[in-house]
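Just below is one structure, and these are the notes that go with it.
The values are calculated or read from the model by the stated rules, or taken from the named source; none is laboratory data. Note that this is a predicted model, so its numbers are computed, not measured. As a convention, Cβ positions derive from the backbone with ideal geometry for all residues, glycine included, and neighbour counts pool all protein chains shown.
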């Protein structure tokens, strides 16, 4: 690092200070006499004690020694002391007072540092992203005179390492040990700039935290997961003041409160302009050297504190909800140049209570009126005066004698804490034109922030100092916040304007603040400050009113235990809706607040720094200069434990909406978005709030449904039409995933699809017709229902063997099925309707169903089908052929039907039609008794069928479950031998089952050849599960998806998201 250090003080010799420096350095070099006197006295006393002198002299000698030492010390001090006397005129007195006030503002900062060295950073990743490093130590800014220099004024001293700077009226003295230098104010170059500084620990209490970073940070700003002690660090905005001079002065100080350094810079500059001509005139500032023997007159320091403030005129108001954006045109009232307009009784005086310099009158232009300034008709709510007041009095005051251009140039940014007196003529023209337009701009985000604050400073003074609580001013600040505060990246407008509105409204009572509180919080949104939140909670408590979900949402957002996640920003209204649902479930009547015994102090930080010494009449309770911006409120925030439930709700909502967040991210990053993508995003919403969000396919689905036939409340629609809604291309048979997507589409509109591809694990065909039935019940996928529906496939196949569905045979199935839940009944009814309209659907699935049943259990299923076929007492030739076809599919032998009919006495009364094509098997022996005309189904038989049906359903359900498991698990192949490498720390939060697969992907050098399906298979994972699992983790840990699958099936791996190794 490079040291920042002043040159040797011997080089700092100002032309007007050479004689003074010679005298100061000469007297500084004088030898002290009093140590020698002490030595002499000690020798004399020693001689008395040793008997060389009479012992009677011991006590007198001791007293004389003390007196001699005191006399010698005081004599030394007088010899080495220089006395300077100053005589001020009014201008110099005011300028020096401004310098002291500016130094006092810096001294009140929570922290002050002297920067002794600075250097560049070679690798910012290991220094929290910082571009440079500095070496700094605490310093002091105080009122103090140098040793052995007496004066009738109070000087400012700033410690800068080994040296100390003393600000005198005519020069700056630099003390460095035993040597002294001097710098004239006309040679000092003082500059202030705002610096972003990364604090390694808690920031000072008055620091403005603009951002956060990490101790070890990646290039994209995310934390480096390789380090376990990677703390989150605040980035603060500080003021740096640099003192330079041609003679070698080079010092830098830093203060914790940004924006206050400009006061010292302006004070030194304005003081330097006055110091040189006053010194040349020889009478304005008089320096008198007094000999040490002459008595110095008693010091009489100039008045450097604020003028006393009379009791302001107060006018209270009760805020109402903010009005509409339209504002009425102001009435034109001519304002005299020297006197305020007449006022009606009860209206406060237009003169400010601040005491301006002699000859300058600060005049307030009332709301709804206007004034002519520089040829422009400016709107009211501004201060005007005849001459400039100077920086420290009122920065918003418009003085009429200032130069103003006819036409402003381009928009120019203003510095922090702008003042009308320091604006250029072009900037003044722009500001006055903006006032003349009613403080509105065609492009609000392009208006420089400084002009907003310049106007705002005057409103602050009028309300906080003068006590004029005119509602028009409050609403104007509200409108400025609404129009300008939320259109810019800087949070300063939202913070200052919002806190001002909350602070002034709270001071008017619970009812008035309650009218506007929620509207203000909604307007500020994520930019709600801690001050605003504290006042809002305190007002609910003093009004004995529980908080609702909206305020609870803001509280949870600012709690330390609440997770910071991209989910809250991506999901937006969905997150708020979920939070509201969870909050109202837990607190149906709202959350009742508790408060600590001690009241909480809320401090409003004024934007107008000139108000700090003169607002002492505003605070409720307390005194002193700080009371101007303090309020005592109930300590609701003092009991943090009452808000733990809010953090829990907040974090739960993040978890439940993480899937929806990823779906939204896919939609925003995709080059083209299909209806299928939109549907997936919609279905990712939790069921509780899904109904509150519009369905992306409502209109096309309704139009498609209207074109399809409907019978008995069931709609019949071709699969191809539904697939077209999701952009699925035509194919003979849809994949299982595509079929499940169609089911999800139908269910998202409150219908159920039949046959159901999820329940049956059967894909849909393009030309297949499905049934849609309204269903208010939550869809279930129990294994019993799947087995029952597969049995229904076989039952319909048997019942339709002769080309016409036999209702008697299906009635046996329904009476024996024993289904009890509503959703199951709807599914069976809709599936039966779809299968009876096209029995080929059941026929095409025969082989798959038969194959899924274990060999030893197939006869049980087949026997039940025979009973259904024989339920009408006749086994027709078509039924005969179909059952033989089923036995062949079940691979139970060609004679299985004959065996069942022969061995089971139940079928003795069945009339069997062999048909011409019947082959194999033996004829059923004829009974000697008369044959009954029908197959008898008494209650006992129904009970037996029910038990048999339950057994068959269990068999089919088990087969269905095993079939689904086989489809979902990839073929097990021998996994490649993994390297024995340690899992990186940044990957530890990922589920361990994904570690080997992700490490293999990272190891692939050619990212274009990544085969996700093959990698997933080698590690016993499904491809979709692998991609979703890794992306869900990387979205939270790395800030984006690692793996992206393009529309053409290519895999993109974003390796730049990985932490550097």
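Determine, yes or no, whether residue 711 is within 16 Å of residue 774 (Cβ to Cβ), touching a strand residue (DSSP E or B) at 6+ places or on another chain (Cβ under 6 Å) and in contact (Cβ under 8 Å) with a residue 12 or more places away in the chain. Give the derivation first.
Numbers: within 16 Å of residue 774 (Cβ to Cβ): yes; touching a strand residue (DSSP E or B) at 6+ places or on another chain (Cβ under 6 Å): no; in contact (Cβ under 8 Å) with a residue 12 or more places away in the chain: yes.
So residue 711 fails the test.
Yes/no matrix, rows are residues, columns are (1) out of contact with any strand residue (DSSP E or B) (no Cβ under 7 Å at 6 or more places or on another chain); (2) part of a helix (DSSP H, G or I); (3) modelled with pLDDT of 85 or more:
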{"site": "416", "(1), (2), (3)": "no, no, no"}
{"site": "426", "(1), (2), (3)": "yes, yes, yes"}
{"site": "431", "(1), (2), (3)": "yes, yes, yes"}
{"site": "487", "(1), (2), (3)": "yes, no, no"}
**Study point:** Given (1) crowded, with 21+ Cβ neighbours inside 10 Å; (2) free of Cβ contacts under 8 Å to residues at least 60 places away in the same chain, number of the condition residue 162 does not satisfy
**Key:** (1)
Review point. How many residues does the range 28-71 hold that are within 21 Å of residue 150 (Cα to Cα) and modelled with pLDDT of 80 or more?
Key: 2
Review point. Which pairs do you get when a residue that is surrounded by 15 or more Cβ atoms within 10 Å (Cβ to Cβ), found in the range 548-568, comes within reach of a residue that is in a loop (DSSP other than H, G, I, E, B), reach meaning Cβ atoms under 6 angstrom, with the pair 6+ apart or on two chains?
Key: 548/590; 554/528; 556/562; 567/657
**Study point:** Output for the range 592-628, where each listed residue is modelled with pLDDT of 50 or more, farther than 30 Å from residue 644 by Cα and out of contact with any helix residue (DSSP H, G or I) (no Cβ under 7 Å at 6 or more places or on another chain)
**Key:** 610
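Can you list the helices (runs of 4 or more DSSP H) found entirely within the range 799-889 that contain at least 2 residues being in contact with a helix residue (DSSP H, G or I) (Cβ under 7 Å, 6 or more places away or on another chain), touching a residue at least 12 places away in the same chain (Cβ under 8 Å) and farther than 22 Å from residue 768 by Cα?
Numbers: elements: 807-817, 822-837, 840-844, 846-852, 858-869.
Once the helices (runs of 4 or more DSSP H) in the range 799-889 are filtered for at least 2 residues that are in contact with a helix residue (DSSP H, G or I) (Cβ under 7 Å, 6 or more places away or on another chain), touching a residue at least 12 places away in the same chain (Cβ under 8 Å) and farther than 22 Å from residue 768 by Cα, what remains is 807-817, 858-869.
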Revision key, fill the gap. Those residues of the range 687-720 which are crowded, with 16+ Cβ neighbours inside 10 Å and either in contact with a helix residue (DSSP H, G or I) (Cβ under 9 Å, 6 or more places away or on another chain) or part of a loop (DSSP other than H, G, I, E, B) (or both) amount to 689, 690, 695, 696, 697, 701, 704, 714, 715, 716, 717, 719
Exercise for review: Considering only the range 629-645, state which residues are in a strand (DSSP E or B) and at pLDDT 80 or above.
Suggested key: 631, 632, 633, 634, 635
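Look at the range 490-519 and say how many of its residues are part of a loop (DSSP other than H, G, I, E, B) and in contact with a helix residue (DSSP H, G or I) (Cβ under 7 Å, 6 or more places away or on another chain). It would help to see each step written out before you state the result.
Initially, the range 490-519 is screened for residues part of a loop (DSSP other than H, G, I, E, B), giving 490-491, 507-509.
Filter once more, so that each one left must be in contact with a helix residue (DSSP H, G or I) (Cβ under 7 Å, 6 or more places away or on another chain): 490-491.
Result for the range 490-519: 2.
Please state which one of 742, 762 is outside any loop (DSSP other than H, G, I, E, B), on the phi < 0 side of the Ramachandran plot, crowded, with 20+ Cβ neighbours inside 10 Å and touching a helix residue (DSSP H, G or I) at 6+ places or on another chain (Cβ under 9 Å).
It is 742.
Mind telling me which of the residues 225, 219 ends up being within 22 Å of the chain's Cα centre (by Cα), surrounded by 14 or more Cβ atoms within 10 Å (Cβ to Cβ) and not in a strand (DSSP E or B)? Give the steps one after another, and end with the answer.
Values: 219 fails: surrounded by 14 or more Cβ atoms within 10 Å (Cβ to Cβ).
Answer to the selection: 225.
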Exercise for review: Of all residues in the range 1029-1045, count the ones that are part of a helix (DSSP H, G or I), touching a strand residue (DSSP E or B) at 6+ places or on another chain (Cβ under 9 Å) and without any contact (Cβ under 8 Å) to a residue 60 or more places away in the chain.
Suggested key: 2
Check your understanding: Considering the range 463-481 alone, what residues qualify as being in contact with a helix residue (DSSP H, G or I) (Cβ under 8 Å, 6 or more places away or on another chain), modelled with pLDDT under 90 and in a helix (DSSP H, G or I)?
Key -> 463, 464, 465
Exercise for review: Considering only residues that are part of a loop (DSSP other than H, G, I, E, B) and touching a residue at least 60 places away in the same chain (Cβ under 8 Å), look in the range 569-615 and name the one that is farthest from residue 687 (Cα to Cα).
Suggested key: 615
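Considering every residue within the range 563-571, establish whether at least one is modelled with pLDDT of 90 or more and under 15 Å from the mean Cα position of the chain (by Cα). Reasoning before the result, please.
Keep residues of the range 563-571 that are modelled with pLDDT of 90 or more, which gives none.
Within the range 563-571, none of the residues are modelled with pLDDT of 90 or more and under 15 Å from the mean Cα position of the chain (by Cα).
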Review point. Do we have any residue at all in the range 451-460 that's in contact with a helix residue (DSSP H, G or I) (Cβ under 6 Å, 6 or more places away or on another chain), surrounded by fewer than 17 Cβ atoms within 10 Å (Cβ to Cβ) and either assigned to a helix (DSSP H, G or I) or on the phi < 0 side of the Ramachandran plot (or both)?
Key: no
Check your understanding: Which members of the range 520-533 meet the condition of being surrounded by fewer than 21 Cβ atoms within 10 Å (Cβ to Cβ) and either in contact (Cβ under 8 Å) with a residue 60 or more places away in the chain or assigned to a helix (DSSP H, G or I) (or both)?
Key -> 521, 522, 523, 525, 526, 527, 530, 531, 533
